[in-house]
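Engineer: One structure coming up, written as structure tokens, with questions to follow.
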Amino acid sequence: MRLNPALSLLLGGCLLAVSVNTLTAASEGEPQAPASTAPPGALVTVNGRTITQILYSAYHRSRQQGQPTAAENQQQQLAILNELVNFVLLEQDAVAKKLDENPSVAAQLELGRSRLLASAAIAEYLRSQNISDSELQQTYEQELKEKPLMEYKLRHILLDSQQEAEAVIESLNKGEDFSSLAQSKSNDASAKTEGDLGWLSAGQMDPAVQQAVEQMDDGSYSETPVKSDFGWHILLLEKSRQIPQPSFAEVRASLLQKKQQALLAGYIQELRSNANLVVDAQQAPKEGEKAAE
């Protein structure tokens with residue numbers, strides 16, 4: 001769980017200020033427990049609570065999140081360990097004051113535990129799937145083969161009703177010029193450029209328009225009106241061309257993410273299907289209801 005940035009800054013200064021000589025003094029003159037009584041990897045004991053190398057490493061990683069990592073000297077490592085000691089002291093004081101029994105604090109502790117274990121479960125599951133580069137390569141080749149990336153040079157005439165669109169198609173069938181009709185009939189800004197929409201690729205068009213365009217031949221216009229959220233279109237496909245395909249290396253990360261998302265969706269669905277879920281309709285959160293502080 002990451003701290004509020006302002007609180008982190010305040011604590012960082014306080015923790016460092018009170019920790020300069022804490023551990024060095026202990027190593028120089030204060031009594032220490034015999035090595036045989038300390039658990040493996042123990043670095044320091046705080047009121048009976050052992051700070052291990054694993055705990056220190058976890059704190060160090062959380063401390064470095066979003067920041068460039070660099071090698072640290074012994075003095076810097078000792079300062080980080082002192083920060084961790086002070087956090088443990090604050091935690092112990094909070095427990096002594098029973099702050100962990102505050103409903104809001106207890107809920108955040110529970111949520112933090114759930115998030116951490118959920119992340120661990122996801123990481124373990126994805127590791128067990130052993131997604132290989134050869135599998136991703138196969139997906140890459142299949143997607144490019146089945147649906148190569150295309151872009152289309154389009155003009156359109158946009159109208160408010162199906163009847164108006166059908167009337168314009170009749171005019172086109174009689175040989176009237178598409179650009180002239182777009183300029184005089186279309187009800188959007190492209191009328192000023194004779195319906196020119198430029199080059200558009202998949203994802204840049206309304207799904208209904210894209211579906212229609214993909215079935216058209218170069219130089220043809222749509223013989224039936226195409227309905228979208230904007231109105232009724234008559235489309236003219238002037239040209240189409242295949243976009244240079246990205247290399248496997250360029251899209252590997254996105255292919256991996258897509259594969260992982262699909263696997264996780266199945267994993268979570270399986271967990272839900274095997275779970276015993278009981279919803280209390282009276283206690284379920286209601287839309288717009290503010291959560292209790």
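The values are calculated or read from the model by the stated rules, or taken from the named source; none is laboratory data. Everything quoted here is computed from the prediction, not taken from an experiment. Using ideal geometry, Cβ is built from the backbone for each residue, glycine included, and neighbour counts are taken over all protein chains shown.
Engineer: Residue by residue through segment 133-179, note down the ones that are of a type in the set (Ser, Thr, Tyr) and closer than 22 Å to ALA212 by Cβ.
Structural biologist: Scanning segment 133-179 gives TYR152, SER161, SER171, SER179.
Engineer: While we're looking at this one, here's another question. Could you list, in sequence order, the residues of segment 165-175 that are surrounded by 12 or more Cβ atoms within 10 Å (Cβ to Cβ) and closer than 18 Å to GLU194 by Cβ?
Structural biologist: Passing the criteria: ALA165, VAL168, ILE169, SER171, LEU172.
Engineer: Answer yes or no as to whether LEU263 is within 30 Å of GLU176 (Cα to Cα) and at pLDDT 95 or above. Give the steps one after another, and end with the answer.
Structural biologist: Numbers: within 30 Å of GLU176 (Cα to Cα): no; at pLDDT 95 or above: yes.
When the stated conditions are applied, LEU263 does not pass them.
Engineer: Okay, moving on. Take the residues in segment 205-240 that are of a type in the set (D, E, K, R) and not in a loop (DSSP other than H, G, I, E, B); name whichever of them is nearest to the chain's Cα centre (by Cα).
Structural biologist: Of everything passing the filter in segment 205-240, LYS227 is nearest to the chain's Cα centre (by Cα).
Engineer: Can you find a residue in segment 212-231 that is basic (Lys, Arg) and without any contact (Cβ under 8 Å) to a residue 12 or more places away in the chain?
Structural biologist: Step one: of segment 212-231, the residues basic (Lys, Arg) are 227.
Now restrict to residues that are without any contact (Cβ under 8 Å) to a residue 12 or more places away in the chain: none.
No, segment 212-231 contains no residue that is basic (Lys, Arg) and without any contact (Cβ under 8 Å) to a residue 12 or more places away in the chain.
Engineer: GLU141: touching a Ser or Thr at 6+ places or on another chain (Cβ under 8 Å) and closer than 30 Å to PRO246 by Cα, yes or no?
Structural biologist: Answer is no for this residue.
Engineer: Being touching a residue at least 12 places away in the same chain (Cβ under 8 Å) and surrounded by 14 or more Cβ atoms within 10 Å (Cβ to Cβ) is the filter here, so list the residues in segment 130-148 that pass it.
Structural biologist: Matches in segment 130-148: ILE131, GLU135, LEU136, THR139, TYR140, LEU144.
Engineer: Let me ask something else about it. From the list SER184, SER171, SER190, SER254, exactly one residue is outside any strand (DSSP E or B), in contact with a strand residue (DSSP E or B) (Cβ under 8 Å, 6 or more places away or on another chain) and among the small types (Gly, Ala, Ser). Which is it?
Structural biologist: From the options SER184, SER171, SER190, SER254, the qualifying one is SER190.
Engineer: Which ones in segment 202-245 are among the basic types (Lys, Arg) and under 15 Å from LEU172 (Cβ atoms)?
Structural biologist: Of everything in segment 202-245, nothing turns out to be among the basic types (Lys, Arg) and under 15 Å from LEU172 (Cβ atoms).
Engineer: I would also like to ask the following. Has segment 165-183 got at least one residue that is modelled with pLDDT of 95 or more, in contact with an Asp or Glu (Cβ under 7 Å, 6 or more places away or on another chain), closer than 30 Å to ARG272 by Cβ and not small (Gly, Ala, Ser)?
Structural biologist: No.
Engineer: How many residues are surrounded by fewer than 19 Cβ atoms within 10 Å (Cβ to Cβ), under 19 Å from GLU164 (Cβ atoms) and out of contact with any helix residue (DSSP H, G or I) (no Cβ under 8 Å at 6 or more places or on another chain) if we restrict to segment 189-230?
Structural biologist: 5
Engineer: Name every residue in segment 231-273 that is under 18 Å from LEU200 (Cα atoms), exposed (fewer than 11 other Cβ atoms within 10 Å of the Cβ) and among the polar types (S, T, N, Q), in order of residue number.
Structural biologist: Of everything in segment 231-273, just one residue is under 18 Å from LEU200 (Cα atoms), exposed (fewer than 11 other Cβ atoms within 10 Å of the Cβ) and among the polar types (S, T, N, Q), namely GLN242.
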